[in-house]
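Undergrad: Supplied in structure tokens, the structure appears directly below.
The values are calculated or read from the model by the stated rules, or taken from the named source; none is laboratory data. This is a predicted model, so every value here is computed, not measured. We place every Cβ from the backbone using ideal geometry, glycine too, and count neighbours over all the protein chains shown.
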Number of protein chains: 2
Amino acid sequence: MNPGSPSKAPSVAAVDWGTTRLRVWLVDEAGKILAERRGDDGLITAQATGFSTILEGHLAAMGAPEAMPVIICGMAGSRQGWLEAPYVTVPAPIGAILAGAARIPGQRRDIRIVPGLAQRQADAPDVMRGEETQLAGAGLPTKGRHLVCMPGTHSKWVLVEDGAVTGFGTWPTGELFSVLAAHSILRHSLGEQPKPVASGNAFFRRWCEQALADGGDVTSRLFSIRAAGLLQDLKPDDAAACLSGLLIGGEIASASHRYGKGAASVVLIASGALGALYTEALGLAGLAVRTVDADEAVRAGLIEAARENGMIAGSGVAA
Amino acid sequence: MNPGSPSKAPSVAAVDWGTTRLRVWLVDEAGKILAERRGDDGLITAQATGFSTILEGHLAAMGAPEAMPVIICGMAGSRQGWLEAPYVTVPAPIGAILAGAARIPGQRRDIRIVPGLAQRQADAPDVMRGEETQLAGAGLPTKGRHLVCMPGTHSKWVLVEDGAVTGFGTWPTGELFSVLAAHSILRHSLGEQPKPVASGNAFFRRWCEQALADGGDVTSRLFSIRAAGLLQDLKPDDAAACLSGLLIGGEIASASHRYGKGAASVVLIASGALGALYTEALGLAGLAVRTVDADEAVRAGLIEAARENGMIAGSGVAA
């Protein structure tokens with residue numbers, strides 16, 4: 001809430017509802033954010049407590065009117081969520097994706113969930129849910145060919161051509177880091193609680209460059225991190241930086257190979273420390289980077305979805 | 001024990017002592033196996049119970065004389081083992097590796113542990129412990145260039161030139177399969193207890209061929225297994241075959257790229273179902289395979305180590 005601006009009535013609630021957390025924004029008719037609320041009651045909690053109960057609790061705490069519509073993106077729309085919002089098959093224009101939001105039956109309010117995307121190629125099946133909304137809010141030009149990177153647990157790379165998603169892929173980089181750090185032999189190298197890797201780290205840079213040179217082959221170097229601990233006295237925090245550089249460099253090499261033909265630049269939708277690491281790694285790969293803040297992108301995408309679904313008016317620029 | 005052959009006195013006990021299990025053979029002066037015993041008291045158990053207690057228990061149960069010497073290979077020689085048998089740095093002749101066995105002090109018997117191998121290149125550090133003994137027992141020609149694959153939890157690929165190890169690498173293929181199946185999002189795709197993959201499986205073959213074509217880049221296709229479950233109704237046992245094909249194909253592509261320059265054939269040291277899977281995958285990669293049974297190789301290597309350390313006579317052909 002910005003107390004300095006003239007008070008306006010909210011018109012729609014926008015909800016980013018992921019696996020472990022949720023964020024709610026109240027938005028006015030012009031697409032301006034009036035209030036924000038965050039909770040740890042993501043999909044996993046909601047499966048036990050009930051999606052409606054959790055949502056209404058947050059809306060009541062924010063003083064939202066009873067009839068106000070709600071637009072939702074994220075894992076709440078998955079098979080394990082509130083209602084499965086069917087996947088839209090790519091290629092698909094971004095606007096059409098948003099307009100296909102699925103309405104939840106039996107609710108007092110008009111509550112809709114943005115669909116995910118499915119790539120149904122026999123040899124490269126893939127899905128996304130939540131990132132399509134970030135993509136819609138990234139302010140991509142409606143013309144031209146754009147390569148988009150959305151890093152995270154399951155990093156998504158998306159090819160957007162003339163405003164339509166024409167293909168995408170998933171690299172489970174964040175998950176590989178967590179699973180290998182906790183459950184593989186590398187746990188002996190990284191220790192119990194490896195310090196988060198900061199950009200500028202020399203180990204991160206060296207292993208990232210090596211992975212870029214190896215063209216996406218990361219499995220050949222995983223065990224080297226363990227061996228470097230035994231033979232070269234590599235320290236746990238440095239080992240974590242090596243693993244991070246190896247996996248991120250490998251992701252970029254692999255995705256560039258698949259999508260980057262002729263691409264000299266990437267739109268990076270990310271925030272905070274992860275955004276800084278990817279900016280550095282993309283730079284090492286020789287790619288120019290335009291960064292869009294991930295939090296702002298999902299908000300803007302939800303507002304755009306509210307417009308596409310007639311919940312608020314017009315087609316003004318998102319706040 | 002072969003009751004049909006003339007009874008001979010054992011001269012040395014040979015022990016393959018791994019992380020979770022151990023095998024003991026009594027061997028006569030000519031290098032002939034007289035008796036075998038297996039136990040689940042590998043390194044992990046021995047750390048608690050005591051290495052000497054476990055070894056003497058097995059030897060007593062086999063009726064081994066008190067003064068009989070013992071040759072050991074495997075993780076018992078690691079830093080967490082009975083005694084750290086220092087690594088031999090490659091390049092190194094295989095015979096010299098075996099001859100460098102480290103004697104355990106303060107024992108009634110002459111007990112020695114075969115050293116592991118270390119590759120100390122700054123950009124490709126690596127270690128092995130146990131596989132060097134299999135390698136010594138694989139009956140490689142003393143001349144020429146030979147590429148050796150030893151698949152497992154941590155698959156090793158070794159380049160042997162004129163009887164010397166000149167380089168090696170580790171691909172943690174078995175561990176990646178276990179860790180991803182149990183702890184990543186793929187656990188939803190593979191189910192609780194995926195059936196072991198048999199050779200000839202169509203999913204294994206297709207994903208292996210794809211991974212071979214992708215040149216060792218496996219991370220780009222991991223999530224496709226999950227997506228194929230959601231979009232193409234891929235069944236759990238088939239998903240396990242996909243993951244196995246992807247990881248084994250990726251390993252072979254990556255290792256061939258690193259070591260296979262000009263190599264048309266591979267010596268595969270493996271047993272059972274894993275040996276059959278790798279034989280199939282190496283065939284898909286267009287490589288001719290000569291298979292050596294892994295159990296026989298480690299026995300023969302230990303007997304060779306006993307000879308190199310003067311525990312039994314001569315330099316006859318291993319049994």
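Undergrad: So in segment B:130-143, with the set limited to residues that are touching a helix residue (DSSP H, G or I) at 6+ places or on another chain (Cβ under 6 Å) and part of a loop (DSSP other than H, G, I, E, B), which one is surrounded by the fewest Cβ atoms within 10 Å (Cβ to Cβ)?
TA: Out of the qualifying residues, it is B:138.
Undergrad: Here is a follow-up. Picking from B:234, B:277, B:222, B:246, which residue would you name as being buried (at least 19 other Cβ atoms within 10 Å of the Cβ), closer than 30 Å to residue B:133 by Cβ and either in contact with a Phe, Trp or Tyr (Cβ under 8 Å, 6 or more places away or on another chain) or at pLDDT 95 or above (or both)?
TA: B:277
Undergrad: So which of B:35, B:61, B:102, B:46 is small (Gly, Ala, Ser), touching a strand residue (DSSP E or B) at 6+ places or on another chain (Cβ under 8 Å) and either buried (at least 18 other Cβ atoms within 10 Å of the Cβ) or not assigned by TED's automatic domain parsing to the domain that holds residue B:162 (or both)?
TA: B:46
Undergrad: Let me ask something else about it. Identify the residue in segment B:167-194 that is at the interface with another protein chain (Cβ under 9 Å from one of its Cβ atoms) and free of Cβ contacts under 8 Å to residues at least 40 places away in the same chain and, among all such residues, is nearest to residue B:93 (Cα to Cα).
TA: Per the stated criteria, the residue is B:172.
Undergrad: Let me ask something additional. Here are some conditions: (1) part of a strand (DSSP E or B); (2) not assigned by TED's automatic domain parsing to the domain that holds residue A:102. Residue A:157 meets all but one. Which one does it not meet?
TA: The one condition residue A:157 does not meet is (2).
Undergrad: Looking at B:268, B:277, B:302, can you tell me which residue is assigned to a helix (DSSP H, G or I), touching a residue at least 40 places away in the same chain (Cβ under 8 Å) and not assigned by TED's automatic domain parsing to the domain that holds residue B:166?
TA: After ruling out the rest, the residue left standing is B:277.
Undergrad: On to the next question. When you go through (1) in contact with a helix residue (DSSP H, G or I) (Cβ under 8 Å, 6 or more places away or on another chain); (2) closer than 24 Å to residue B:116 by Cα one by one for residue B:295, which number turns out not to apply?
TA: Unmet condition: (1).
Matching residues to (1) in contact with a His (Cβ under 8 Å, 6 or more places away or on another chain); (2) of a type outside the set (D, E, K, R); (3) away from chain A (no Cβ under 14 Å):
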residue	(1), (2), (3)
B:201	no, yes, yes
B:207	no, yes, no
B:226	yes, no, no
B:230	no, yes, no
B:238	no, no, no
B:273	no, yes, yes
B:277	no, yes, yes
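Undergrad: I'd like the residue in segment B:112-139 that is charged (D, E, K, R) and closer than 13 Å to residue B:17 by Cα and, out of all such residues, is nearest to the other protein chains (Cβ to nearest Cβ).
TA: Filtering first and then ranking leaves B:129.
Undergrad: What number of residues in segment A:48-83 are of a type in the set (D, E, K, R), closer than 22 Å to residue A:153 by Cα and touching a residue at least 12 places away in the same chain (Cβ under 8 Å)?
TA: Residues that pass the stated criteria total 0.
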